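Novice: Got a structure for you, questions after.
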Amino acid sequence: MILDAADRETFSLNDWLRGRPALTGVAPEWDLDTLPADPSTLFAQWMQQAAADGVPEPHTATLATVDADGVPDARTLILKAIDPVGWAFASTRSSRKGAQLAHMPAAALNFWWQPQVRAVRVRGPVEEATAEESAADLAARSPAAQADIAPGDWVRWRIVPTRIEFWQGSRDRRHTRVVYVPDGEGWSYAVLGDA
Ligand SMILES: Cc1cc2nc3c(=O)[nH]c(=O)nc-3n(C[C@H](O)[C@H](O)[C@H](O)COP(=O)(O)O)c2cc1C
């Protein structure tokens with residue numbers, strides 16, 4: 001919705017928010033009979049679809065951590081990779097998230113993609129990568145993005161998922177959720193209705 005100058009003068013946030021539609025996209029077909037055994041395969045399929053459909057930055061997500069008082073915090077960042085250990089992101093040790101992760105090494109990551117009406121939610125303990133992996137992550141950034149980073153301050157972390165939820169919305173409100181949990185050998189999953 002574009003606001004013209006007159007609209008902007010009379011704009012009321014709360015009026016605008018009231019009744020604002022959500023889930024306005026159209027979800028792709030999702031065959032629940034052919035779900036992959038590994039959630040990272042499904043995530044890759046969804047990411048590929050989002051990218052193909054033109055979602056500008058589908059690799060951005062909200063990362064939640066908790067501080068020393070148990071109060072949650074959240075910010076936007078980039079998913080770097082998914083590897084056999086976990087879901088990787090990177091930042092500075094000296095940041096708020098760095099301090100929070102040092103105190104409580106656990107996090108949640110949330111993606112929301114439109115118009116696919118899809119969200120992915122990951123949570124679990126967080127492990128710090130090796131110094132070599134963190135250095136390689138920093139070296140892969142642009143020179144401008146490497147400036148002002150103190151030696152050893154750039155860290156790659158991985159969420160080791162204990163739960164991964166794939167959520168797909170539907171206009172008729174019959175949303176679908178598929179939850180993967182590790183089962184020791186690999187993954188087990190369940191298809192849930194929406195709550
Ligand atoms: C699209 C987008 C991508 C971002 N990617 C990163 C990232 O990969 N790593 C990072 O440290 N901060 C990233 N940021 C900045 C963070 O949102 C945040 O402002 C910063 O990391 C400080 O967070 P903290 O104070 O909670 O530690 C990004 C911000 C946006 C809007």
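Novice: Is there any pair linking a residue in the stretch 31-48 that is farther than 17 Å from residue 109 by Cα to one that is in a helix (DSSP H, G or I), with Cβ under 7 Å and at least six apart or on different chains, and which?
Specialist: The qualifying pairs are 35/42; 36/42.
Novice: Conditions first: (1) exposed (fewer than 14 other Cβ atoms within 10 Å of the Cβ); (2) of a type in the set (Gly, Ala, Ser); (3) touching a His at 6+ places or on another chain (Cβ under 9 Å); (4) touching a residue at least 24 places away in the same chain (Cβ under 8 Å). Residue 169 passes all but one, so which condition is the exception?
Specialist: Going through the list (1) exposed (fewer than 14 other Cβ atoms within 10 Å of the Cβ); (2) of a type in the set (Gly, Ala, Ser); (3) touching a His at 6+ places or on another chain (Cβ under 9 Å); (4) touching a residue at least 24 places away in the same chain (Cβ under 8 Å), residue 169 breaks only (1).
Novice: Restricting to the stretch 83-103, count the residues that are away from the ligand (no atom under 12 Å from the Cβ) and either of a type in the set (Ser, Thr, Tyr) or out of contact with any Asp or Glu (no Cβ under 8 Å at 6 or more places or on another chain) (or both). Walk me through how you get there before you give the answer.
Specialist: Step one: filter the stretch 83-103 for residues away from the ligand (no atom under 12 Å from the Cβ), giving 83-87, 103.
This time we only want the ones that are either of a type in the set (Ser, Thr, Tyr) or out of contact with any Asp or Glu (no Cβ under 8 Å at 6 or more places or on another chain) (or both), so: 83-84, 87.
Final tally of qualifying residues: 3.
Novice: Let me ask another. Need a quick list: helices (runs of 4 or more DSSP H) entirely within the stretch 83-195 having at least 3 residues that are at pLDDT 95 or above and not acidic (Asp, Glu). Walk me through it before giving the result.
Specialist: Working: elements: 96-103, 131-139, 143-146.
Answer list for the stretch 83-195: 96-103, 131-139.
Novice: Go through the stretch 65-82 and report how many residues are near the ligand (Cβ under 10 Å from one of its atoms) and assigned to a strand (DSSP E or B).
Specialist: 7
Novice: Taking residue 7 as meeting all but one of (1) free of Cβ contacts under 8 Å to residues at least 60 places away in the same chain; (2) closer than 30 Å to residue 156 by Cβ; (3) away from the ligand (no atom under 15 Å from the Cβ), write down the number of the exception.
Specialist: Residue 7 satisfies every listed condition except (2).
Novice: Being near the ligand (Cβ under 10 Å from one of its atoms) and either within 21 Å of residue 136 (Cβ to Cβ) or over 13 Å from the mean Cα position of the chain (by Cα) (or both) is the filter here, so list the residues in the stretch 47-60 that pass it. Give the steps one after another, and end with the answer.
Specialist: Let us first name the residues in the stretch 47-60 that are near the ligand (Cβ under 10 Å from one of its atoms), namely 56-57, 59-60.
Correct list: 56, 59.
Novice: Does any residue in the stretch 58-77 that is farther than 13 Å from residue 101 by Cα come within less than 7 Å, Cβ to Cβ, of a residue that is polar (S, T, N, Q) and surrounded by fewer than 13 Cβ atoms within 10 Å (Cβ to Cβ) six or more places away or on a different chain, and which pairs are these?
Specialist: Filtered contacts from the stretch 58-77: 60/76; 62/76.
The values are calculated or read from the model by the stated rules, or taken from the named source; none is laboratory data. Here the structure is a predicted model, which means the values were calculated and not measured. Neighbour counts are summed over all protein chains in view; Cβ atoms, including those assigned to glycine, are modelled from backbone coordinates with ideal geometry.
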